[in-house]
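Report on one structure; see the data block that follows.
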Amino acid sequence: MANELETQLPSVRQVQDLIKAGSEVEVKLSTTDLLVGKLRWQDNYCLCLLDHYDQPTIIWKQAIVYVKPKS
């Protein structure tokens, strides 16, 4: 099916691992904003980030510069 998440891609697998682990991440956007929180889900177009107040933010993947675990 064309709309399924391509789980064989390393980037998709890495994000899925971050979601499963509940790791806190930094998401840098092309607007230079830096968001911090935990990833909740991903689809073909977006990620959902929960902030420290458990408020969800939906982020279009095309707006992301990078996602990395917060150290």
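FYI, it's all coordinate maths here, none of it is from the lab. The model shown is predicted, which means the values in this text are computed figures rather than measured ones. Please note: Cβ atoms are built from the backbone with ideal geometry, for glycine as well, and neighbour counts cover all protein chains shown.
Please go through the chain and write out the chymotrypsin sites (Phe, Trp or Tyr not before Pro) that DSSP classes as loop and that have at most 12 other C-beta atoms within 10 Å.
Numbers: sites: W41, Y45, Y53, W60, Y66; in loops: Y45, Y53.
For chymotrypsin sites (Phe, Trp or Tyr not before Pro) across the chain that sit outside H, G, I, E and B with at most 12 neighbouring Cβ atoms in 10 Å, the list reads Y45, Y53.
Long-range amide H contacts for W41: which residues qualify at under 5 Å (H placed 1.01 Å from N, peptide plane, sequence gap of 5 or more or a different chain)?
So W41 has HN proximity to C48.
Helix-only mean residue ellipticity at 222 nm, the chain, DSSP H runs n ≥ 4 weighted -39,500 (n - 2.57), per residue, nearest 500. What is it? Walk me through the intermediate numbers first.
Values: 1 runs with 12 residues, N = 71.
That calculation yields -5000 deg cm²/dmol at 222 nm.
Quick one: net charge around T7, please, counting Lys, Arg +1 and Asp, Glu -1 for every other residue with C-beta under 13 Å from its C-beta. Don't jump to the answer; show the numbers that get you there.
Details: positive: R13, K20; negative: E4, E6, D17, D43.
Around T7, the surrounding residues sum to -2.
How many nm separate the modelled label positions at K70 and N44, each set 7 Å beyond the Cα in the direction of the Cβ?
Output for this residue pair reads 3.2 nm.
Please list the non-local residues whose amide H lies under 5 Å from the amide H of L5, H modeled 1.01 Å from N, same-chain partners needing a gap of 5 or more.
Residues meeting the criterion, in which the H sits 1.01 Å from N, do not exist here.
Are there any GluC sites (Glu not before Pro) in the stretch 1-58 that are in a DSSP loop and have at most 16 other Cβ atoms within 10 Å? List them by number. Could you put the intermediate results ahead of the total?
On the way: sites: E4, E6, E24, E26; in loops: E4, E6.
Listed in order of number, the matching sites are E4, E6.
Roughly what would the spin-label model give for Y53 and K28, points 7 Å off Cα along C-beta, in nm?
The two pseudo-label positions are separated by 2.7 nm.
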